[in-house]
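Right, one structure below, let's go through it.
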Amino acid sequence: MAGPQSPSPQEPPVVAMRLSSLFLRTLREDPADAEVPSHRLLVRAGYIRRTSPGIYTWLPLGLRVLRNVERIVREEMDGIGAQEILFPALLPREPYDASGRWTDYGDNIFRLQDRKGNDYLLGPTHEEMFTLAVKDMFSSYKDLPLALYQIQIKYRDEARPRAGILRGREFVMKDSYSFDIDDAGLDVSYQAHRDAYVRIFDRLGFDYVIVQAMSGAMGGSRSEEFLATAVNGEDTYVHCPNCGYAANVEAVQVPTPEPIPYSGLPAAHVEDTPDTPTIDTLVASANAHHPRADGRAWTAADTLKNVIVMLVHPDGTREPLAIGLAGDREVDEKRLGAQVEPARVEAFEEKDFAAHPSLAKGYLGPGVLGSERPSGIRYLLDPRVVPGTAWITGADEHGRHVFDLVAGRDFTADGTIEAAEVRDGDACPSCGSALESARGIEMGHIFQLGRKYAEALGLQVLDEQGKLKTVTMGSYGVGCSRAVACIAEGNHDESGLIWPRNISPADVHVVATGKDEEVHAFAEELTGALEAVGVGVILDDRRAASPGVKFKDAELIGVPTIVVVGRGLADGTIEIKDRRSGERREVRTDSAVSEILAEIGRT
RNA sequence: CGGGGUGUGGCGCAGUUUGGUAGCGCGUCCGCUUUGGGAGCGGAAGGCCGCAGGUUCAAGUCCUGUCACCCCGACCA
């Protein structure tokens, strides 16, 4: 699937695909298991076939498209001096043990054993292998900087694969890694990759946005994602229309307000608030029985909600964690999960409350929360809960709350955490304007990995002073098979696919209608002439198929230019049709080749 | 992992309520006709009705168990 079999860019495919013999069967009806347009159409048009859940076979047309995506990626990687190699997909356990990912990846990794009972895995990404390969061969600062990449089939045992090849358990991904002696070098390597990615995604032809991201299970610092904008995307990101800031919702940093002086703030006081275990009941009770002095009504934003979750660390240990945030916001599980990775978040259950008698469910407060407090539970605050802010919060007794409890003065926590939901209208951390949210599909991810793997696997080189120095790495991925689905998502209509020219399985789809020998003879002649100048052709040379069938198939398959050889031939004309706009024009047969070349943007 | 749904020729589906010779459309094959928008007529091939038990003279249909798959959510690139 990867590199070696791919056509080189110097030799574009010039042998026409004839529908009379192409390994293709289009379907008139949508497959029952396909929901999203890309999945439906790629199966219907005969590009892919499902083999197993989340695992697909690439048929001739689909493979052409995938190869075209790979070609673009390859050209841009080569363009920044990255060198292509290819690791096995089947990998031994040891390197992943050394990095900790054998356990950190959990059930998402495909594991298997050989006949001797040795553990193996199907590679989800190859950080370890790249690191070890460099360690194996290079040992001097003079060998750096270095960038290596592969285009490889990856495996992740997704809990729920979906949407065809948009999110499968087996997928084709380009992953590359940079190796530098110092942080300055890493910055240069990172920027080179970033520039290459901009070129890749421009050439792939879909709308995308670059957002700040979390570095995820792989560790690291600077991190950006390339998201294809799509209303049905899986990832939520926010962007600022004023300054251009954009970030994955998991990575949004809430701007921290200035602390407020304590002077003049009333003292904290505990009040009876019976039957107020929820924020709504608390606000209602507070307004009814303990109205504010200034006449404004209490709102949920005046309350400090304390949520407890159970963290499950990779080694199985369970740790409760309390999060304090304004009562008008929910904890965003994705944001929380990203913060506590690689730990997993589970619910804090009744039995857990039973194990912590100091906790009064529904009336939790900072009086007992915190490592140094009676519960001993680590307590982290939303960054907006700055010193000087006053809150209504639980008094740690059933039916009682404390009012005017001031952060910093009356309570402290173990730190802050970015776990509160991000809402449209929240302040941009860069300029303070209102943020807007949108959806996208992650197509690429670049980040500064740092020394995590180099340290774990002992990748060091000698520096100018002859001293061993740990190498710093960058990691960069592009989902090639996902890109195929993503491009299909953005380029189709009711009739079928509409490929951008540079990734279409062919340049031209020639339809020969009818059974008239002259029509077929001319279609063959035209196809030969196009092949000769390097134009990729799909030729519908089926004698028995009716014109309607051929037109429908051409539209379904989605080659951007359709050439019809048929009834006009008697008058010396053929028809050139633009798949996307539907515009058609007749041209003289004697200028057919030059007209088609002009149509497809070649001269 | 929670919720919902579905397993019947290559694809899409009916049949299950009320047990009685396994059907329809598309696709495929043969013949004739047809050829500018998924053609017509005639003929044909192709199914352990997911799997395993059970009830019954008889099970696609009823009972028990089990497996698989799809969708929503959780999770994840």
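The values are calculated or read from the model by the stated rules, or taken from the named source; none is laboratory data. What you are looking at is a predicted structure, and each value in this text was computed from that prediction instead of being measured. Here the Cβ positions follow ideal geometry from the backbone for every residue, glycine too, while neighbour counts run over all protein chains shown. Remember, those area values only see protein heavy atoms, side chains included, never the ligands or the DNA or RNA. Shrake-Rupley method; radii C 1.70, N 1.55, O 1.52, S 1.80 Å.
Protein heavy-atom surface of the range A:269-416, 1.4 angstrom probe: 52% of the accessible area is carbon and sulfur, with nucleic acids and ligands not counted.
Scanning residues 5 or more positions from A:Thr561 or on other chains, those with amide H under 5 Å from its amide H are A:His509, A:Arg579, with H placed 1.01 Å from N in the peptide plane.
Kindly express, to the nearest 10 degrees and within the range 0 to 90, the angle between helix A:127-137's C-alpha long axis and the longest C-alpha principal axis of chain A. That works out to roughly 70 degrees.
Placing a label point 7 Å from the Cα of A:Ser495 along the Cα-to-Cβ direction, the residues of the range A:530-560 with a backbone N closer than 14 Å are A:547-560.
Leaving out same-chain residues fewer than 8 places away, which lysines sit with a Cα under 27 Å from that of A:Lys550? Qualifying lysines at Cα under 27 Å: A:Lys515, A:Lys577.
Using the Cβ-Cβ distance between A:Asp578 and A:Glu234 with R0 = 51 Å, the FRET efficiency computed as 1/(1 + (r/R0)^6) comes to roughly 0.95.
Taking the convex hull of the alpha carbon positions in the range A:269-416 and averaging its projected area over all directions gives 8.6 nm². Computed from the C-beta positions of A:Glu75 and A:Arg49 and an R0 of 35 Å, the FRET efficiency is 0.75 to the nearest 0.05.
Extending 7 Å from Cα along the Cβ direction at A:Glu421 and again at A:Ser263 yields two label points whose distance is 3.9 nm. Length gained on full extension, A:Ser594 to A:Asp275: 106.6 nm, using 0.36 nm per residue less the C-alpha separation.
Near the amide H of A:Ala395, within less than 5 Å, lie the amide hydrogens of A:Arg400, A:His401, A:Val402, all on another chain or at least 5 residues away, with H placed in the peptide plane.
Relative contact order for chain A: what is it in percent, counting Cα pairs under 8 Å that are at least 6 residues apart? It would help to have the intermediate numbers written out before the result.
On the way: 1264 pairs, mean separation 106.8, N = 603.
Reported relative contact order: 18 percent.
Relative to the first principal axis of the alpha-carbon coordinates of chain A, what is the inclination of helix A:183-204, with its axis defined by its Cα atoms, in degrees from 0 to 90 and to the nearest 10? Roughly 50 degrees between the two axes.
For the range A:508-603, the share of accessible area belonging to carbon and sulfur comes to 50 percent (1.4 Å probe, ligands and nucleic acids excluded).
By how many degrees, between 0 and 90 and to the nearest 10, does the Cα long axis of helix A:547-557 differ from the longest principal axis of chain A? The answer is roughly 40 degrees. Relative to one another, the C-alpha centroids of the range A:502-549 and the range A:314-383 are positioned 66 Å apart.
Given +1 at the Cβ of Lys and Arg, -1 at the Cβ of Asp and Glu and no other charges, the dipole of chain A around its Cα centre is 1300 debye to the nearest 20. Potential lengthening of the chain between A:Arg292 and A:Glu346 amounts to 15.7 nm, from the contour at 0.36 nm per residue minus the alpha-carbon distance. Remark: the A:Ile85-A:Arg111 segment gains 7.0 nm on full extension, using 0.36 nm per residue and subtracting the alpha carbon distance. Can you list the trypsin sites (Lys or Arg not before Pro) in the range A:97-147 that are in a DSSP coil and have 14 or fewer other beta carbons within 10 angstrom? For trypsin sites (Lys or Arg not before Pro) across the range A:97-147 that sit outside H, G, I, E and B with at most 14 neighbouring Cβ atoms in 10 Å, the list reads A:Arg115, A:Lys116.
With all protein chains kept in place, the per residue accessible area of chain A amounts to 44 square angstrom at a probe of 1.4 angstrom. Label-to-label distance for A:Thr103 and A:Ala300 is 3.9 nm, based on points extended 7 Å past Cα in the beta-carbon direction. Hydrodynamic analysis of chain A uses the Kirkwood radius over alpha carbon pairs. Inserted into Stokes-Einstein at 25 °C and 0.890 mPa s, it gives a translational diffusion coefficient of 88 µm²/s. When every Cα-Cα distance of the range A:141-298 is counted in 10 angstrom steps from zero, the calculated P(r) takes the values 7, 21, 25, 16, 13, 13, 5, 0 percent.
Applying the criteria of a DSSP loop state and at most 11 other Cβ atoms within 10 Å to the GluC sites (Glu not before Pro) of the range A:398-469 yields A:Glu464.
Could you tell me which of the pairs A:Lys351/A:Lys452; A:Lys135/A:Lys174; A:Lys154/A:Lys469; A:Lys116/A:Lys452; A:Lys142/A:Lys452; A:Lys154/A:Lys467 are separated by over 29 angstrom between their Cα atoms in the structure shown?
Flagged as over cut-off: A:Lys351/A:Lys452; A:Lys154/A:Lys469; A:Lys116/A:Lys452; A:Lys154/A:Lys467.
Counting other Cβ atoms within 10 Å, which GluC sites (Glu not before Pro) in the range A:523-603 have at most 10 and lie in a DSSP loop? Within the range A:523-603, the qualifying GluC sites (Glu not before Pro) (loop, at most 10 other Cβ atoms within 10 Å) are A:Glu583. Label sites at A:Asp187 and A:Phe23, each approximated as a point 7 angstrom past Cα along Cα to Cβ, lie 5.1 nm apart.
For chain A, A:Cys480, A:Cys486 stand unpaired, since no other cysteine beta carbon lies under 4.7 Å from theirs. Farthest towards the positive end of the charge dipole of the range A:506-599, among the residues A:Val549, A:His520, A:Ala506, is the Cα of A:Val549, using unit charges on the Cβ of Lys, Arg, Asp and Glu. Most simply put, chain A has about 80% antiparallel DSSP beta bridges, counting only bridges with both residues inside it. Estimated purely from DSSP H runs of n ≥ 4, each contributing -39500 (n - 2.57), the mean residue ellipticity at 222 nm for chain A is -7500 deg cm²/dmol once divided by its residues. Across the range A:269-416, the mean sequence separation of Cα contacts (distance under 8 Å, 6 or more residues apart), normalised by length, yields a relative contact order of 26 percent.
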